[in-house]
1. Could you run through the range A:486-513 and say how many residues are farther than 17 Å from A:Phe461 by Cα and either basic (Lys, Arg) or more than 11 Å from RNA strand B (Cβ to nearest atom) (or both)?
2. Across the range A:634-671, which residue is surrounded by the fewest Cβ atoms within 10 Å (Cβ to Cβ) among those that are closer than 23 Å to A:Gly516 by Cα and either touching a residue at least 24 places away in the same chain (Cβ under 8 Å) or more than 10 Å from RNA strand B (Cβ to nearest atom) (or both)?
3. Quick one: which of A:Ala89, A:Ala57 is among the small types (Gly, Ala, Ser) and crowded, with 23+ Cβ neighbours inside 10 Å?
4. Which ones in the range A:507-565 are in contact with a His (Cβ under 8 Å, 6 or more places away or on another chain) and open to solvent by less than 10 Å² (accessible area, probe 1.4 Å)?
5. When you go through (1) more than 30 Å from A:Tyr775 (Cβ to Cβ); (2) within 11 Å of RNA strand B (Cβ to nearest atom); (3) among the charged types (D, E, K, R) one by one for A:Glu712, which number turns out not to apply?
6. Of all residues in the range A:756-777, count the ones that are over 16 Å from A:Arg799 (Cα atoms), open to solvent by less than 10 Å² (accessible area, probe 1.4 Å) and among the hydroxyl-bearing types (Ser, Thr, Tyr).
7. Restricting to the range A:846-873, name every residue that is surrounded by fewer than 16 Cβ atoms within 10 Å (Cβ to Cβ), of a type in the set (S, T, N, Q) and within 16 Å of RNA strand B (Cβ to nearest atom).
Amino acid sequence: MSRELAKTYDPQEVEDRIYDFWLSGGYFHAEPDPKKTPYTIVIPPPNITGQLHMGHALDETLQDILIRWRRMQGYCALWLPGTDHASIATEAKIVEAMRGEGVTKEEIGREAFLERAWDWKKKYGGRIVEQLKKLGSSCDWERERFTLDEGCSKAVREVFVRLYEKGLIYRGERIINWCPHCKTSISDAEVEFSEHDGCFWHLRYPFKDGSGYISLATTRPETMLGDTAVAVHPDDERYRDLVGKTLILPLVNREIPLIADTYVERDFGTGVVKITPAHDPNDFEVGLRHHLPVINVMDDSGNINENGGAYAGLPALEARRRIVEELEKQGFLIKVEPIKHNVGSCYRCGTVVEPRVSKQWFVKMKPLVGPAVKSVLDGEVRFVPDRFEKIYDHWMENIRDWCISRQLWWGHRIPAWYCADCGETIVARDEPHICPKCGSKNLRQDEDTLDTWFSSALWPFSTLGWPDQTDDLKYFYPTNTLVTGYDIIFFWVARMIFSGLEYTGKAPFNTVFFHGLVRDAQGRKMSKSLGNGIDPLEIIAKYGADALRFTLVTGNSPGNDLRFSTEKVEASRNFANKIWNASRFILMNIDGHDVKNELPENLAVEDRWIVDSFNRVVGEVTENLEHFELGIAIAKLYDFLWDEFCDWYIEIAKIRLNSEDGAAAQAARQVLVWVMTGTLKLLHPFMPYITEEIWQSLPHEGEAIMISPWPEYDPSLCFPHAAAQMRSIMDAVRAVRNRRSEMNVPPSRKARLSIAAADQETFRTGAAILERLAYASAVEVGSEFDIEGAVTIVTPDARILIPMDELVDRKAELERLTKELASAQKQYENAQAKLGNEKFTAKAPVSVVEGVRQNAAKLQEHIALLQSAMEALK
RNA sequence: GGACGUUUAGCUCAGCUGGUAGAGCAUUCGCUUGACGUGCGAAAGGUCAUAGAUUCGAGUUCUAUAACGUCCACCA
């Protein structure tokens, strides 16, 4: 043995050493290799401000499993890592930090602010990367990218210019979602709606001619300051004659028209809507149709601006209070009705979003949507699970133009310049110095930056060198699998798809593998505010990265959320320990012997069985991985290693290992090494550290398990006869153990077994196994035994007698036999009923009918055996 | 308002293209069995949410219903 192994696996001692070993071997690095097929995954870039959380841990684990598996299969596997500059989140953090120093970003100015931001990036951007490494992620760190680095920025400018030239990017006054806290516009996708308690204020607006009032209701009375019309439905009998009249806006005393528009629902409220084009998306549309003035009454902090007259400077809510008060005083308030309604808030900071007209840059979506929808429909991009295709499709079909400009400094500055002299807008890849229209040198760049997701959308190809046709791009693009949570399907996945199609002509990946959210043990979302988050790094420190990875993948199915609990991690840790000890056992037994990792010439029945079983697992696990059924794959490996290999094969192998027969012992050693090595390989993508550590100690060829070939299903390793024989033997072992346990016979008390079976050869072969595992002092096999007062155990293939009469309560024994007989008879009747059913025998497949027939025959025998056993007891 | 998901052993969940239900944890009983008590052996525990339909046969397909959850829309 190369070195003494500890009784329990110590991940702390192993992980960093192994990770360094992989790094120094350069195994994570991928170079285009024409002899290989590429397999590429780009990482969903974590925010530089972020700390590793369970969501990342799950995401990275799934990716690492896929990439390690494909690498072992011989693909040129590239997992491209990187980070996202996360404009809003990062800028907010820096502003927050500056608040501590008592400075604002306006005070220090753009340049100084960006300097701070880059310092921040240098300081914290590396943190999350180091955390990813702790998980065992086999990313190609030589290719690490950042969304603001030179290459990605070049791609961003290229895309912006191309879209602008195509007319797909435009600048205009539109209603957008404004976050008064972040002081920037945000896209529709970045608004989260939730139900709030609110009020419905019923107001009356007087006609100018003094002919009375019209009543309407609003949830946001303060916006009345910006009202420029009141609308009714054109077919509404109640108001038809009034359309066209002029109203006097209360408090403001502005004359506004009563207009007709089909947007108004006649059945809702009074069927009358006040129109505030500057602060409501629908009203804005109405305003466009009716050429209404747009009066913006709110500034960028959410306060009423100079257009609000007496209310200027007040925060919106305060203005609301005073306006309602004043309306009531002047008799314009009819009533206040409490209601529940949905309010949109900023997904970053939670502040209530104000719809507001503002001059922004937009991407025209309609022309981009078509190909993106088609690519998913046609299967060029496949979603796993496929139910997300429908969600994607629905979103795409109803998408509105994408507001991409942000009033932030940290990000890609919009490559647009304005001529101060002639007003010309110049959009260019490189900074222009002269206005092409008037020759002025007085150019000023747009102050705004782009939505973070604008650059993320390019990630699969900007990271590979696009727009240049680099060798990397040609070889690794399009990528293969995108692994991500369903929560960013709109933010990111959809945008990558239409971007990839538009700029590269190809979908950026062929499969999107969605996983769910990691929740706490009670099923709640892990969040900072709840304080219920579990730090993956603490779990790694305590239980090991392999245990964490195992926990995250086991029992997990695509697209479904999973609950995380330390109990599960403990079970995973125990499994790692089981692998460790199985290996320790093997290492102890091969110590001092020359054992190669190959199967021996002559395989015993148990060897053929375990090899057959292993081979089956190879086939199944590989297939499961191909279908992204990682949870099923790992469950099969768990069962195989623990139940079949450890609990049965190793126990059986001890017979030969402890025997005088040197050749037999050597054969057992070889099979142990061969199966263990193969199993470690299958486990490696899931639990990379422990498998590498053990593999290095076992007889092996090659440098590392992580670059060793993935096992392949081999038809020549199928041994159905041996498998059936072992089933008979194992059934017998279990039956004997069961009976002994029921009779409270301790393992130390051995007893003779007499086995009567049709297939005597199988039980002669298995005699030694029965002796060891069924605590037999001796085993005799024959066609029939008649032992006075023996305990009879009946298995599907044998009748086993144990002369233990003195230990047995005859009456109890008779009772249990009666019970067992009844159960067997019922099963037999069921089978007979099926076979007697002509519809069944005629319509069911032959193999199924034959199976039932054989089962019936066995049951018949079983019943006979039980009956004779009962006779003998009486 | 629309769409989707979940509902299987006490708890957490698997269960692929239909052939009489599985795991982990918890529970009960027994065991220092020369790798492992982070272990070994055994047991108990389920009319697979409800009602129909298709089928020789349904946890598995279809249709309704209920509860819980998610997403989208947002009628002021």
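1. Start the filter on the range A:486-513 by keeping residues that are farther than 17 Å from A:Phe461 by Cα, which leaves A:486-491, A:513.
Retained after the next criterion (residues that are either basic (Lys, Arg) or more than 11 Å from RNA strand B (Cβ to nearest atom) (or both)): A:513.
Qualifying residue count, the range A:486-513: 1.
2. Residues of the range A:634-671 that are closer than 23 Å to A:Gly516 by Cα, as a first pass: A:634-638.
From what's left, either touching a residue at least 24 places away in the same chain (Cβ under 8 Å) or more than 10 Å from RNA strand B (Cβ to nearest atom) (or both): A:634-635, A:637-638.
Values: A:Ile634: 27, A:Ala635: 16, A:Leu637: 23, A:Tyr638: 19.
The qualifying residue surrounded by the fewest Cβ atoms within 10 Å (Cβ to Cβ) is A:Ala635.
3. Working: A:Ala89 fails: crowded, with 23+ Cβ neighbours inside 10 Å.
The match here is A:Ala57.
4. A:Pro536, A:Gly559
5. Unmet for A:Glu712, out of (1) more than 30 Å from A:Tyr775 (Cβ to Cβ); (2) within 11 Å of RNA strand B (Cβ to nearest atom); (3) among the charged types (D, E, K, R): (2).
6. Final tally of qualifying residues: 0.
7. Listed by number, the residues that qualify are A:Ser847, A:Gln854, A:Gln860.
Residue-wise test of (1) more than 28 Å from A:Gly516 (Cα to Cα); (2) touching a Ser or Thr at 6+ places or on another chain (Cβ under 7 Å); (3) part of a helix (DSSP H, G or I).
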{"residue": "A:Asn307", "(1), (2), (3)": "yes, no, yes"}
{"residue": "A:Arg322", "(1), (2), (3)": "yes, no, yes"}
{"residue": "A:Leu327", "(1), (2), (3)": "yes, no, yes"}
{"residue": "A:Gly331", "(1), (2), (3)": "yes, no, no"}
{"residue": "A:Lys335", "(1), (2), (3)": "yes, no, no"}
{"residue": "A:Ile339", "(1), (2), (3)": "yes, no, no"}
{"residue": "A:Pro371", "(1), (2), (3)": "no, no, yes"}
{"residue": "A:Val376", "(1), (2), (3)": "no, no, yes"}
{"residue": "A:Lys390", "(1), (2), (3)": "no, no, yes"}
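The values are calculated or read from the model by the stated rules, or taken from the named source; none is laboratory data. Note that this is a predicted model, so its numbers are computed, not measured. When we count neighbours, we look across all protein chains shown, and the Cβ atoms used for this are built from the backbone with ideal geometry, even at glycine. For accessibility, only protein heavy atoms count, side chains too; no ligands or nucleic acids. Shrake-Rupley method; radii C 1.70, N 1.55, O 1.52, S 1.80 Å.
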